[in-house]
There are 2 protein chains.
Amino acid sequence: MSTIRDVAQLAKVSISTVSLTLNYPDRVSPDTRRKVTDAAQVVGYTANPIAQSLKRGRSKLIGVVVADITNPFFGKFLIEVERCAMEADYLVIVSDTAGRLANEKAILAHLSGQLVSGIILSPACPVQEAMDHISALNMPFVLFDQKLADIQSDFVGTDNHLASAMLTEHLIRLGHKRIAFIGGTPGLFTAQQRKQGFIDTMTASQIPVDPGLLMEGIYSAEHGYEATMRLMTMGANRPSAILAASNLMALGALQACNELCIACPDEVSLAGIDDVPWAAVIRPRITVAIQPVEDIARMATRLLLKRIATGSSAPTPFEDVILAPKLLIGESTRALIAVHAKGAAF
Amino acid sequence: MSTIRDVAQLAKVSISTVSLTLNYPDRVSPDTRRKVTDAAQVVGYTANPIAQSLKRGRSKLIGVVVADITNPFFGKFLIEVERCAMEADYLVIVSDTAGRLANEKAILAHLSGQLVSGIILSPACPVQEAMDHISALNMPFVLFDQKLADIQSDFVGTDNHLASAMLTEHLIRLGHKRIAFIGGTPGLFTAQQRKQGFIDTMTASQIPVDPGLLMEGIYSAEHGYEATMRLMTMGANRPSAILAASNLMALGALQACNELCIACPDEVSLAGIDDVPWAAVIRPRITVAIQPVEDIARMATRLLLKRIATGSSAPTPFEDVILAPKLLIGESTRALIAVHAKGAAF
DNA sequence: CACCTTTCTCGAACCGTTTCGATAGGGCAA
DNA sequence: TTGCCCTATCGAAACGGTTCGAGAAAGGTG
């Protein structure tokens, strides 16, 4: 590989002039500029990013740490972060913690150590230990998706309370009163918010929340399946609508209904938070509140790059960016009237 | 951040001794070793990887380029590569090309430029132009999944021919003769191999391949859906079994059958290559040939690291590692006899 | 024409390591 | 005791850039 010296030699100028030309073209005379750029072209010069990083004190790398790459939410997030980063001439180092704290610690240890100049992170678990080592990070970082209460940092996420509220309102408007809620991993920020959104909206409409219809468990298809099995075998007490706190849980719920031969939406309405991957091939198309994942990604990247740019000088106050979800009405929710009419017809 | 100088100062030795201690502990006396490690501990020293990379001439980074992170095949691949790389103290830079050549070029340009010391790549498209800029990469690289014919490199992939053959044989054993094949993106290596595996196995069993049952199109759920719609509306000529060349296409096919109220597996058997994400929540569980994605990832990483280690000195011959898929019998395939019996009962 | 700016280019120091060749000191054989 | 070899340590030169201060050249003004 050719170095800056090769260019200098060929262009018959000093290496500092070459550097100057490449970084601040305005500060050299036009013909020097030409000589240098031509020479660079000839020897096929590209600056060594490692040497640049060393001298400048920071690299053009940012780290992104997520719980599970295979989850399409994170997948889309990553793609967009990468796009934005590349625009700003940054490269992205992706790491998957598999939701495990030990991995998260190891990965963060690797990433810090002067290699990346900033980190975008969705915390794996909300325990104190996690917060400790995250706040110990002495470099810019931005949290997304899962917010940690006690951490001083920028945060970008969906309005999970609103997402729940939108779907709950939708179901209420359709005439549903016995609405079940299948909640996510207890302790997780999003799970708490989503549950609260459901409860608040029900309360606001003066519909009592039946504790027996409030399920809780980890974010997973299995839990969605199991909870739905429990809910739909309650006989007369069974809900007329189910709100699942995640895409995977909604899928599990749908599966359970299918196996019980309970038609959706005819006999039970089903809605979920966050889009279902492969939504196109799953029928009925599930009514969901879609998280603006691309916007979240863009925002998180922007915030991080800004914080990297400003450095520790002139510390700007931390921002909390909460983006609104979008309601996508599918075929899995239907007015309660229709259910009764249909039910009577059988 | 503390530097090697701080350690040297505190331990009252020269910086070269510190470096020596940290890199080759055996080459310093035991008490020097203790002094240095203690001092390093005290100031919280970790070597600056950027400076190390600059001096050593290569970084501890490898690049992985895939067509679509959200595809679970690539997702699992990435997770495993990352794990293996971390074990060897390497970090992974992931990039998504969205299957587009322009992106691939841009990404490779960014990655090379002395930043990463090697690249693992699944080529987006098999056109000449792609091969040109890939072979122009003057650094170690390993190809996986999609093989490019004319490129000198290591390659790791599934035995796609075998995957098709296994599933075809399975269907034949179940008594099926009118077996349709929904092929993947024409021109892609895997698509070609999978199609050939089907044809060869049919031929070996002396079952004629009906060209009307040989569909072709891009790897996508939509194409699987559309092809199945065409196939299953052929009336008496319709196939009794369908083999889809990818997971997404199998899902699309299943959806089409559902919409046509053609029961799977009662009226048509369905099999696919590559595991279906969320397989657990999709019924019937589809019979598939699973690619050993973790093995592929491990192998690709191993090959790359080996090639990085050997450098351009002592060039070892390129390896082609072809791993066998695993057949997972689901509930979507059934003996043809049963189909007839059931059909008569209606 | 002398003097003062401004513009352009250059040399040198530095970023934090690794590594090579040199040196000092200690042990051992003669 | 002298000479020699090892071993442990060190100084200095890289790696490939960026950047600062200085100096030369060019241009403008009185």
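Values in this text are rule-based calculations from the coordinates and carry no lab data. What you see is a predicted model, and the numbers here were worked out from it, not measured in a lab. All Cβ positions, glycine included, derive from the backbone under ideal geometry; neighbour counts span all protein chains shown.
Below is a table of values for the structure above.
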| quantity | calculated |
| --- | --- |
| Contact order relative to length of the range B:53-109, as percent, for alpha carbon pairs under 8 angstrom and 6 or more apart | 43 percent |
| Between 0 and 90°, nearest 10: helix B:189-204 axis offset from chain B longest Cα axis | 40 degrees |
| Most mobile of B:T233, B:T190, B:T158 in a GNM of chain B (Cα contacts under 10 Å) | B:T233 |
| Among B:55-61, A:283-289, A:222-228, the order from most to least packed when residues are scored by Cβ within 10 Å on average | A:222-228, A:283-289, B:55-61 |
| Principal axis dimensions, the range A:115-241 - Cα atoms, whole angstrom, descending | 60, 28, 20 |
| Number of partner chain Cβ atoms within 10 Å, mean per residue of A:73-85 | 3 |
| Overall form of the range A:1-52 per C-alpha gyration tensor (a/c, 1.5; a/b vs b/c) | oblate |
| Farthest positive-ward along chain B dipole, Cα basis, beta-carbon charges - from B:S16, B:L243, B:I296 | B:S16 |
| Long-range amide H partners of B:E216 with built H, under 5 Å | B:G183 |
| Local net charge near A:V209, Cβ-Cβ under 12 Å (Lys/Arg +1, Asp/Glu -1) | +1 |
| Cβ nearest the rotation axis (B onto A), residue from chain B and distance to the nearest whole Å | B:V94, 2 |
| Percentage relative contact order, chain A, counting C-alpha pairs under 8 Å, at least six apart | 16 percent |
| Charge dipole (debye, nearest 20) of the range A:31-148; +1 at Cβ of Lys and Arg, -1 at Cβ of Asp and Glu | 500 debye |
| Residue-count net charge about A:Y225 - beta-carbon cut-off 15 Å; Lys, Arg +1, Asp, Glu -1 | -1 |
| Under-5 Å amide H pairs with A:A241, H placed in peptide plane, nonlocal only | A:A180, A:S269 |
| For peptides A:207-215, B:263-271, B:327-335, sequence by mean Cβ density within 10 Å, most packed first | B:263-271, B:327-335, A:207-215 |
| Global geometry of the range A:39-137, whether rounded, prolate or oblate, following the gyration tensor of its Cα atoms and the 1.5 cut on a/c | oblate |
| Shape call, the protein assembly as shown: gyration tensor on alpha carbons, a/c limit 1.5 | oblate |
| GluC sites (Glu not before Pro) within the range A:60-93, DSSP loop, no more than 10 other Cβ atoms inside 10 Å | none |
| Inter-copy label distances at B:Q52 (7 Å, Cα→Cβ; nm, one decimal) | 2.3 |
| Förster-model FRET efficiency, 56 Å R0, A:R283 and A:Q41, C-beta, rounded to 0.05 | 0.45 |
| Choice from B:D38, B:D159, B:D145 with maximal GNM fluctuation in chain B (Cα, 10 Å cutoff) | B:D38 |
| Total formal charge among the other residues, if their Cβ is under 14 angstrom from that of B:S59, Lys/Arg +1 and Asp/Glu -1 | +4 |
| Using a 7 Å Cα-to-Cβ projection, B:S16 label spacings across copies, nm, ascending | 3.0 |
| Total charge dipole magnitude, chain A, about the Cα centre, Cβ charges on Lys, Arg, Asp, Glu only, Debye to nearest 20 | 860 debye |
| Shielding by partners - mean other protein chain Cβ count within 10 Å, residues of B:87-94 | 4 |
| About the Cα centre, charge dipole magnitude for the protein assembly as shown (Lys/Arg +1, Asp/Glu -1 at Cβ), debye | 1220 debye |
| Inter-label distance, nm, simple model (7 Å from Cα along the C-beta direction), B:E222/A:D266 | 3.1 nm |
| Simple spin-label estimate for B:R302 and B:S205 in nanometres, 7 Å along Cα-Cβ | 3.4 nm |
| For B:39-50, mean number of other protein chain Cβ atoms within 10 Å | 3 |
| Cβ-vector label at 7 Å, A:I151, separations to other copies in nm | 3.7 |
| Per-bin percent of Cα-Cα distances, chain A [20 Å] | 27, 42, 21, 9, 1 |
| The range A:145-273, relative contact order in percent, only Cα pairs under 8 angstrom and at least six apart counted | 26 percent |
